[in-house]
Amino acid sequence: MAQDYIIIEAEEDGVHVIGLTRGTDTKFHHSEKLDAGEVMIAQFTDHTSAMKIRGKAKIHSQHGIVQSNGKK
């Protein structure tokens, strides 16, 4: 079975994408920094159960598109 994935489209410099672990203790396990115009394709796996996206970006998934906002 294929794992779910998302596409993160940075709309400003410095968008942070942080992967969180699966299990009894949720921990940060990976971090990426994107600049405006960069795109990252991320996949949920046996180790990654959640992602935190900080900054202005569009997040595309099978459920639609969500807009995250930068700092005000």
**Item:** Entry for Cα Rg over 2.2 N^0.38 Å (calculated from the structure that is shown) out of [x] 1.01; [y] 1.92; [z] 1.09
**Value:** [z]
**Prompt:** Can you run phi through the Karplus equation (6.51, -1.76, 1.60; θ = phi - 60°) for the stretch 55-67 and list ³J(HN,Hα) in whole Hz, with x for Gly and Pro?
**Reply:** x, 7, 7, 9, 10, 9, 8, 5, 8, x, 10, 10, 9
**Asked** If we sort 60-67, 14-21 on the protection proxy, mean other Cβ atoms within 10 Å, highest first, what's the order?
**Response** 14-21, 60-67
**Neighbourhood charge, 12 Å Cβ-Cβ cut-off, centred on residue 9 and excluding it, Lys, Arg +1 and Asp, Glu -1** = -2
**Complete:** the chain: relative contact order from alpha carbon pairs under 8 Å, six or more residues apart, as a whole percent, is 38
**Prompt:** Which percent of the accessible area of the chain is formed by carbon and sulfur heavy atoms (probe 1.4 angstrom)?
**Reply:** 50
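The values are calculated or read from the model by the stated rules, or taken from the named source; none is laboratory data. Predicted model, so just to flag it, every value in this text is computed and none were measured. Neighbour counts run over all protein chains shown; Cβ positions are idealised from the backbone, glycine included. Protein only, heavy atoms only, side chains kept; ligands, DNA and RNA dropped before computing areas. Shrake-Rupley method; radii C 1.70, N 1.55, O 1.52, S 1.80 Å.
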